[in-house]
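What follows is a single structure, written as structure tokens, with notes after it.
The values are calculated or read from the model by the stated rules, or taken from the named source; none is laboratory data. Note that this is a predicted model, so its numbers are computed, not measured. FYI the Cβ positions are ideal-geometry reconstructions off the backbone, even for glycines, and counts take in every protein chain you see. Each accessible area value is taken on the protein alone, full model and side chains, heavy atoms only, with ligands, DNA and RNA left out. Shrake-Rupley method; radii C 1.70, N 1.55, O 1.52, S 1.80 Å.
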Amino acid sequence: MTVIAVIDLGSNSVRMTISKYHQDGHYEVLSRLQEMVRLSEGMGEDKVLQPEAIKRTLNALKSFKEALEEHPKAKIRAVATAAVRQATNQATFLSEFENTMKFPLQVLTGEEEAHYDYVGIVNTLNINDALILDTGGASAELILVRNKVSVHEISLPIGAVTISEMFLEKNVINAASLFKATVALRQMFGDVSWLNDAMHLPVVALGGSNRTLAKISRRQKKITDMPIHGYHLSMQDATEIYQTILSKNLVERQKMAGLAKDRGDIIVGGLLPLIELLILLSGQQVIFSQAGLREGILFETIKQDTGQDVIAPEPASMTVD
């Protein structure tokens, strides 16, 4: 048996999953930690990680470090995504991270992030053909899957925090602001040459903002016994929920059942890539995933270490975040 901790330092949140796996490919999650740190907040056009955001992030990581002390022999894989990837003061932050945690932080390329998303999903959801969308705080990964094989992967420098800070108001969303954000997204999607190959395919959505749609839907329908992982939502239901969110001010959004209060100011921007893709590609349904980057890293580690294919747990035991 081997214990492994995977830390995912994103632009909006930092998460850690500690798991144990066996030589036959079975694995079990021991614990999960998550903190909203908004690391990309205020980076602006100069792409500088701000002192307060760094402080919040390092303080959150200290609690992770305490949890790791219970597993002194654990393998540790710590990775960072868009915020650190884009930061002009990346080297300084990486040094501060290592001084705090006593192990290094690997900065993933956008393509590596997309690849791990694909590995996490294809091993836990029964999909053959789909477009995967992972909307983070400062980037969005798109993966086209055909016959369970990833045929195209790309990372775009837009996410819930960046869209919200660049275009949208925190309180009442102005129609002109939303239009500017929409035009910018459509131009970016238009530059992805292979995106039309995903016409009419289901969209597999992951990331905290996207999963919020599923959480709101479950609360509306009073569903308590169905996991988010594998949850389906029609395009019509998705757009209706989005319209409801758009109609509310910040305080009203923060009171919506299923919407985390600390996402209220970025949820409109965070959901916009998914809604625009559904419209652009005439997508008829969304399938939500709670597996992604951390699971992808775990599964590849298990495969490399044991030579066995991963034996994934049931959807109900997947992470809830």
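Points to keep in mind about this one:
- Computed over region 3-60: relative contact order in percent, which uses C-alpha pairs under 8 Å that are six or more apart: 27 percent
- Ellipticity at 222 nm from helices only: DSSP H runs of n ≥ 4 in the chain, each -39500 (n - 2.57), divided by the residue count, give -12500 deg cm²/dmol.
- Hydrodynamic analysis of region 192-232 uses the Kirkwood radius over alpha carbon pairs. Inserted into Stokes-Einstein at 20 °C and 1.002 mPa s, it gives a translational diffusion coefficient of 179 µm²/s.
- Efficiency of FRET from Cβ geometry, residue 89 and residue 186, R₀ 41 Å, rounded to 0.05: 0.80
- Simple label model, 7 Å out from Cα along Cβ direction - residue 28 to residue 111, nm: 3.9 nm
- Overall shape of region 125-288 was characterised from the C-alpha gyration tensor. The equivalent ellipsoid obtained from it has semi-axes of 24, 20, 12 Å, in decreasing order.
- Per-residue extension of 0.36 nm, minus the Cα-Cα distance of residue 251 and residue 199, leaves a gain of 15.1 nm for this segment.
- Accessible area (Å², per residue) of the chain, counting only protein heavy atoms and a probe of 1.4 Å: 43 Å²
- Assuming charge only on the beta carbon of Lys and Arg (+1) and of Asp and Glu (-1), the dipole of region 125-288 about its Cα centre is about 600 debye to the nearest 20.
- Average Cα contact separation per residue, region 177-285, under 8 Å, 6 or more apart, as relative contact order %: 41 percent
- Of the two radii for region 158-207, the radius of gyration is 1.04 times the Kirkwood radius, both from the alpha carbons; that is the Rg over Rh value.
- FRET E, pair residue 174, residue 311, Förster distance 51 Å, beta-carbon r, rounded to 0.05: 0.55
- With Rh defined as the Kirkwood radius, the inverse of the mean 1/r over Cα pairs, the Rg/Rh of the chain is 0.95.
- Since only 81, 128, 51 are under comparison, the one whose Cα sits farthest along the positive direction of the charge dipole of the chain, derived from C-beta charges on Lys, Arg, Asp and Glu, is 51.
- FRET efficiency, 1/(1 + (r/R0)^6) with R0 22 Å, evaluated for residue 280 and residue 146 via beta carbons: 0.75
- With contacts taken as Cα pairs under 8 Å at a separation of at least 6 residues, the chain carries a relative contact order of 20 percent.
- Using the average count of surrounding beta-carbon atoms within 10 Å as a protection proxy, the listed peptides 119-127, 193-201 rank, highest first, as 119-127, 193-201.
- With semi-axes defined as the square roots of five times the eigenvalues of the C-alpha gyration tensor, the equivalent ellipsoid of region 2-109 measures 27, 13, 12 Å, largest first.
- Cα gyration tensor category, rounded, prolate or oblate, for region 102-180 with a/c compared to 1.5: oblate
- For region 125-288, the carbon plus sulfur part of the accessible surface works out to 52%, probe radius 1.4 Å.
- Global form of region 222-321, assessed from the alpha-carbon gyration tensor, a/c cut-off 1.5: prolate
- Percent accessible area from carbon and sulfur atoms, region 1-90, protein chains only, probe 1.4 Å: 48 percent
- Qualifying GluC sites (Glu not before Pro) in region 117-192, DSSP loop, other Cβ atoms within 10 Å at most 14: 169
- A Cβ-based charge dipole, computed about the Cα centre of the chain with Lys and Arg at +1 and Asp and Glu at -1, lands at about 820 debye.
- Ordering 287-299, 213-225, 230-242 by mean Cβ neighbour count within 10 Å, with the highest value first, yields 287-299, 230-242, 213-225.
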